[in-house]
Amino acid sequence: MARESKRAHPYREPVTPRPAATVLLMRDAGADFEILMTRRSETASFVPGVFVFPGGALDAADRSTRAQALARFRPSQDDDLRAFSIAAIREAYEELGILLAYGTDGRLISQDVVERLDRSDQAFFDQIERESLTLAADSMRWYCRWVTDPDMPKRFDVRFLVARIPDGQSPVADESEQFEPIWISPREALDGHETGRIPMIFPTVRTLRRLAEVRSVDEVLAQCRDDAPVFHSFPRGGYRKGEIERFSEHESPYGELELVCPDGQILHHLDWQHERPVRLTRDIQRLTAPNPGVMTGPGTNTYIVGDADAGYAVIDPGPDDDPGHIERIAAIVGDRLRYIICTHSHPDHSPGAAPLKALAGGTIMGRPTAEAVRELWPFEPEHVLEDGERIVVGDSTLRVLHTPGHQSNHVCLLLEEDRLLFTGDHIMNGSTVVISPPDGDMHAYMLALERLREEPVDYILPAHGHVLGSPVQAIDALIRHRLGRERKVVAGLEKVGPDATIEKLLPVVYDDVPPTLHPVAARSLRAHLDKLVVDGRASVVNEAWTMVA
């Protein structure tokens, strides 16, 4: 995490979330399955009027020795999961009259037993004991965990549990907290939400989207075999087009929101624009060049590190075909520009260095273009960066990491004090980079990814897209993607047979890519084939490849 003194906004301690449990009661319905939902009271203090799953806060009694003695568990359920399971069973009974419990015969109780109980009696565990029932906590499975967004004044740390409803039991709302119980499939519920008929909050919608991927209760339960959540989420909010939007960990803006507003305050605007810089920390601004496109996403990010007192380093000044972008950088740094650092010499990264120097001064730094592609992408820095070299800007240190692969002269920069990694095109948010021989090298690219994975990094600041959080997971995902494509290349070689050409392999290996992108895909295919040769797994003669036994 960035140093406290470098935060973009004053920190405000979020409200501590209260532990709670929710249960998704399910039943099969023909070729699909349904979930029990209910509408909250319009006068409820938390999310009034929306459709939810039954549940509520964890009580001290749910953790008690007595409650544990009244329930049956799986050996793998730990103390926490046992307490949350008991709470979920209790809440389902109090709100909807559904009771997951075993009778003295060891079977789940039926509706007639439930009707003998008194839901108005607050002494829930007294009734269970008096009727010689055993709570069916072993039937509860942990599906996911949601922690309410940190900007909220009222917050919960909720375990979403799933269970099959006992045969014959029917929901009856308590008509005080919950109303209108309905059985509905995840897909129907989502359709109702989209059309405005079924109002729901963010965690409910996202949970239903995951559930909509399966078609039976058994499939849902099979996902929860390990007594660990299928997923967990700690949503964060930001502005888009002037409106607040919420994002989960897997969505591209999440890491940026976490970096800029670690306390969860909704202050950050995510819209891509090119006229003004976006402040990421006190000492880092991002100004995106107006060159959006298929290969550049929303545009090339120029990062401005430092302040007027310490001076500035500009990372990737961008293209030189828009004087306005260079002028905007110069206006920010004034006469305090010390370094112009180019991560590599592609035309959307380094050409802006010379015109920026002419306006604001500074030393142009980077690594020169390889001889094989110098005519295409000429770049000769004034200062050649070496691997491990450190560039000091005020109280911040940028360590140079030579990361060939996308281009042989590519470097990344690690801001050591704040554990922030500027990755140029080596790692991007929202897409994978093209590796284009002869200067692009898939074997070197993969080795560089492995190296970056071991660096002390909290956030990745790419040249295209928003800031990325969870860097190890992001790098692992890239490695898995590349190895997955490599497996398709190997399968393609085996299918096409000896002396396979790129023309023959392309439609086989990239059958999931639109034909309009095949010319670009052909370059990556060549890079994968070259890597297989370097790895000793394939041979090449006259542009035809054969697997090595």
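The values are calculated or read from the model by the stated rules, or taken from the named source; none is laboratory data. Note that this is a predicted model, so its numbers are computed, not measured. Because the Cβ atoms are built from the backbone with ideal geometry, glycine has one as well, and the counts that use them run over all protein chains shown. Calculation scope for accessible area: heavy atoms of the full protein, side chains included, ligands and nucleic acids excluded. Shrake-Rupley method; radii C 1.70, N 1.55, O 1.52, S 1.80 Å.
Here are some notes:
- Here Val508 meets each of (1) in a helix (DSSP H, G or I); (2) touching a helix residue (DSSP H, G or I) at 6+ places or on another chain (Cβ under 7 Å); (3) β-branched (Val, Ile, Thr); (4) within 28 Å of Arg451 (Cβ to Cβ) with one exception, condition (4).
- Checked against the criteria, Asp348 does not count as under 24 Å from Gly297 (Cα atoms) and modelled with pLDDT under 95.
- When residues of the stretch 426-458 are limited to those that are open to solvent by 10 Å² or more (accessible area, probe 1.4 Å) and more than 18 Å from Arg480 (Cα to Cα), the one nearest to the chain's Cα centre (by Cα): Asp458
- Considering only residues in the stretch 406-422 that are of a type outside the set (A, V, I, L, M, F, W, C) and within 25 Å of the chain's Cα centre (by Cα), the one that is most open to solvent (accessible area, probe 1.4 Å) turns out to be Arg419.
- Hits in the stretch 253-297 (condition: touching a residue at least 24 places away in the same chain (Cβ under 8 Å), farther than 19 Å from Asp418 by Cβ and polar (S, T, N, Q)): Gln265, Asn291, Thr296
- Checking each residue in the stretch 356-380 for being loosely packed, with under 14 Cβ neighbours inside 10 Å, free of Cβ contacts under 8 Å to residues at least 24 places away in the same chain and over 19 Å from Thr302 (Cβ atoms) picks out Glu371, Glu375, Leu376, Glu380.
For every residue, the table says whether it meets (1) surrounded by 20 or more Cβ atoms within 10 Å (Cβ to Cβ); (2) of a type in the set (Phe, Trp, Tyr); (3) over 29 Å from the mean Cα position of the chain (by Cα).
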{"residue": "Thr288", "(1), (2), (3)": "yes, no, no"}
{"residue": "Met295", "(1), (2), (3)": "no, no, no"}
{"residue": "Ile304", "(1), (2), (3)": "yes, no, no"}
{"residue": "Ala310", "(1), (2), (3)": "no, no, yes"}
{"residue": "Asp316", "(1), (2), (3)": "yes, no, no"}
{"residue": "Pro319", "(1), (2), (3)": "yes, no, yes"}
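- Qualifying residue in the stretch 341-355 (condition: surrounded by fewer than 22 Cβ atoms within 10 Å (Cβ to Cβ) and within 25 Å of Asp418 (Cα to Cα)): no
- Count of residues meeting criterion [assigned to a loop (DSSP other than H, G, I, E, B), open to solvent by 80 Å² or more (accessible area, probe 1.4 Å) and not polar (S, T, N, Q)] in the stretch 192-201: 1
- Members of the stretch 13-49 found to be within 30 Å of Asp395 (Cα to Cα) and surrounded by 12 or more Cβ atoms within 10 Å (Cβ to Cβ), listed by number: Pro14
- In the stretch 193-206, the residues that are basic (Lys, Arg) form Cβ pairs under 8 Å with partners that are surrounded by 10 or more Cβ atoms within 10 Å (Cβ to Cβ), at six or more places apart or across chains, as follows: Arg206/Ser233; Arg206/Ser248.
- Hits in the stretch 72-124 (condition: open to solvent by 20 Å² or more (accessible area, probe 1.4 Å) and among the aromatic types (Phe, Trp, Tyr)): Phe73, Tyr102
- Residue match in the stretch 470-480 (condition: farther than 30 Å from Ile304 by Cα and either modelled with pLDDT of 95 or more or open to solvent by less than 50 Å² (accessible area, probe 1.4 Å) (or both)): yes
- Every residue from the stretch 321-340 that is over 19 Å from His274 (Cα atoms), surrounded by fewer than 18 Cβ atoms within 10 Å (Cβ to Cβ) and under 35 Å from the mean Cα position of the chain (by Cα): none
- Looking across the stretch 484-523, just one residue is modelled with pLDDT under 95 and polar (S, T, N, Q), and that is Thr516.
- Flag not set for Pro181, criterion: in contact with a Lys or Arg (Cβ under 9 Å, 6 or more places away or on another chain), over 21 Å from Gln111 (Cα atoms), surrounded by 19 or more Cβ atoms within 10 Å (Cβ to Cβ) and not hydrophobic (A, V, I, L, M, F, W, C).
- With respect to the conditions (1) modelled with pLDDT of 95 or more; (2) closer than 22 Å to Thr204 by Cα; (3) assigned to a loop (DSSP other than H, G, I, E, B), Phe46 lacks only one, and its number is (1).
- Any hit, the stretch 494-504, residues being under 27 Å from Val541 (Cα atoms) and open to solvent by less than 20 Å² (accessible area, probe 1.4 Å): yes
- Residues satisfying the stated conditions in the stretch 211-244, i.e. more than 23 Å from the chain's Cα centre (by Cα) and either under 30 Å from Val260 (Cα atoms) or open to solvent by 50 Å² or more (accessible area, probe 1.4 Å) (or both): Arg215, Asp218, Glu219, Arg225
- Filter result for Arg164 (within 21 Å of Ile89 (Cβ to Cβ) and either in contact with a Gly (Cβ under 6 Å, 6 or more places away or on another chain) or open to solvent by 40 Å² or more (accessible area, probe 1.4 Å) (or both)): yes
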